[in-house]
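Novice: Encoded as structure tokens, here's the structure I'll be asking about.
Coordinate-derived values only; no laboratory data. Please read all numbers here as calculations on a predicted model, not as lab measurements. We place every Cβ from the backbone using ideal geometry, glycine too, and count neighbours over all the protein chains shown.
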Amino acid sequence: MINKLRLSTAIIGSLAGLGLSAAVAQTTVSGNVAMGFIATSTDNTNKNGSWSSMSKETQINIGTKGKLNNGMNYAAGFSLEYDGPDTASTGMYAEGNYIEINSGDTTLTIGADRIQNGDRHVTNAVGIGYIGQDGLGAGAATTAANSISIFPRHGSIYQFFGAGVVQKVGNGNISAYYVPNMTTTILNEIGNDANATTSNNLSSANKGKGYEIGYLGDLGVKNLTVQAFYTKGDRINQQNIGDKEVKSKNFGVSYKVGDITLSASQLTTQGVQQGYSAVTATPANGELAEELKGKSVGVAFAATKDLSLGLTYAKADSDHVTSVNTEKTVIASVGYSLGAIGVKAQYADVKDFGGVANNDGKAVRVLAFTSF
């Protein structure tokens, strides 16, 4: 049995010299662990996209919440995330950093990886992660992203440091978010580490500003879930005028009928690729000048209270010169709850991966996960 760890403290004090005080606060520590296995098989001529690997994510969350001296609610916290390849990367320290102030149905948030966002593929509800099966077709052709799927992930800027507001409307929330620099690398709290690189708009360290407007809710219809997000920003690489400005549209809807959930989504991203950075070091590949379009439908069935089954069909296109075909993906998935531990497995069959004809492949993923 996994015990929940809760470190609660009553904090009544002041910060020396600043005159800042905190009312009664509650501090908590939580986390999650996920361990998985991935195996792929590529049917291209070279057969060099076939591989297998373990995968993992571990995360610790520290947060506090309470009331301010004006009666408003506040919350603050940060997370340490260690994905498979993390050693001492900035991504480890940019997870779930936030300070929030809440008054009624309105919440002001400052930080990163906290505000509501569209970082989900609603049509793969039972499956593992995104629809795109990254890692197939490695070396098969010089595509825009080589072994990266052209099905767009989300295009959201929520993972970058900025400020935003969330307004509750009926059974949903509308959010607006602004980031001055679309990166997880920022200055320290007093800015005395600023230099010519951080202040130069043409520096590769300055990735431009962006904003995002989003909605998550049911629009007043029971069993309906709607997500709609629009993202707009400058070019990721300010030095390359050939890149497109960031623009993302992410629409998804799901509807539950008894034990069956039907879903559909449409995503478009440009100037983003998949991770707000170029996949290769060669600008000629034009990854940040690329527009990706993805459509998908899905069905999920709750067979029992512990067992769920899912089926997803998706197709994607890119305007890159080497991606002339439509990438098609079919995913069959199963999820089972063991109480404290959950297990998922999925099988994906992909045709024309990366938009390259006959660049086909298959992927199997298994994931065990728990929270504490």
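Novice: Determine the sum of side-chain charges near GLN159: Lys and Arg each +1, Asp and Glu each -1, restricted to other residues whose C-beta is under 12 angstrom from that of GLN159.
Specialist: Local charge sum for GLN159: -3.
Novice: Also: How far, in nm, would the chain grow between ALA302 and LEU219 when pulled straight, counting 0.36 nm per residue and subtracting the alpha carbon separation?
Specialist: 27.5 nm
Novice: By average Cβ neighbour count within 10 Å, what is the ranking of 113-125, 339-351 from highest down?
Specialist: Going by the mean number of other Cβ atoms within 10 Å, highest first, we get 113-125, 339-351.
Novice: Checking the table LYS222/LYS249; LYS222/LYS328; LYS293/LYS344; LYS65/LYS249; LYS67/LYS168 against a 30 Å threshold on Cα-Cα, which pairs fail?
Specialist: LYS222/LYS328; LYS65/LYS249
Novice: Based on the mean of other Cβ atoms within 10 Å per residue, sort peptides 211-220, 147-156, 326-335 so the most packed one is first.
Specialist: Listed from highest to lowest mean packing, they are 147-156, 326-335, 211-220.
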